[in-house]
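Take a look at the structure set out below.
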Amino acid sequence: FCAFELIDDKRGLACMTDYHRKLVEGAVTNGFGLINEGLHYRASRDWGELIGYSREGLEEINIRGIEFYKDFAREYDSPETPMRVGGVIGPRGDAYDVGRVPDSAEAEDYHSEQILAFRKAGADLITAATFSSIEEAIGITRAAEAAGMPIVISFFVKQGGRLTGGETLEEAIRQVDAATGSAPVYYMINCTHPTEFEPALTEGDWTQRLGGFMPNAVAMDTLSLCKLGHLEDGDPQELGGQMADLAHRFPHVHVWGGCCGTDGRHIGEIARQVGAARRAMAAA
């Protein structure tokens, strides 16, 4: 997950540039803009220190990562395909194992370092990805609000539709909203497959706070996926169809993407099929 390391590797940077360009083109070819983000997921203090980064070094790499995405935004931005640059932040600990999680005050302090680096670099927004702790989600939201940065909270839900701690997605969203004055711009689900997070999508007005879905390419326990040693890419066309079904069900949702195992093929199919679903709904 330390993709930011590739910035200083010539071959790695070339691979990352090619990979991201395919994501962008999969979106714009089908009439969608893109939030350019992703490589900063583990560019925070605890994880950076494990591989020898100082706080100053982490700030620098966070800023340079935003510049990497700004280059794409400048190249592809248009009124029809608007480009935004985001800073992705992962949880302080393991997203897939409850273990010890920070309380809201600790999370606010810890995540503020990376948020301030993103603000300094000129990022448009913060995405807290694969969060499974409500307290940590509250803390990072407060840190972003204190820095004057818009934030999106993306929760990880296990098979069965609950967070790692057992809470429902509805409970998580309602608790974060209650503790922060509904500060997150919207909420998302990431790092699980549509067939796995479907049970989380219960009926209710709370679903209006959902703004995006970023699924894995295949339905498989996340820890098992991590242990494979390779990425399972599934069927891009099938995933696109599953996302189009969600577009029909949640017409207000406006962010569509992918997580583990997805690439430009998946983004292209998702954009194509979600776009077709939107046009069909508009014509009905």
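Of note:
- ³J(HN,Hα), Karplus 6.51/-1.76/1.60, whole Hz, each residue of the stretch 159-167, x for Gly, Pro: 4, x, x, 10, 5, 4, x, x, 6
- Here, the stretch 49-145 is characterised by an Rg to Rh ratio of 1.02, where Rg is the alpha-carbon radius of gyration and Rh the Kirkwood radius.
- Only lysine pairs 8 or more places apart, or on different chains, with alpha-carbon atoms under 20 angstrom apart are counted in the stretch 3-283, and they number 5.
- Listed residues Ser132, Ser54, Ser154, most fluctuating in the chain (Gaussian network, C-alpha, under 10 Å): Ser54
- Label selected from [x] 14.1; [y] 16.7; [z] 19.3, the criterion being mean projected area of the Cα convex hull in nm² as computed here: [x]
- Cα gyration tensor category, rounded, prolate or oblate, for the stretch 118-170 with a/c compared to 1.5: prolate
- Estimated translational D of the stretch 1-116 in µm²/s (Stokes, Kirkwood radius over Cα pairs; 20 °C; 1.002 mPa s): 139 µm²/s
- Toward the positive end of the charge dipole of the chain, with +1 on the Cβ of Lys and Arg and -1 on the Cβ of Asp and Glu, the farthest Cα among Pro184, Ser44, His248 is that of His248.
Quick note: the coordinates plus some simple rules give every number you see, no bench work behind them. Because the structure is predicted, anything quoted here is derived from the model rather than measured. When we count neighbours, we look across all protein chains shown, and the Cβ atoms used for this are built from the backbone with ideal geometry, even at glycine.
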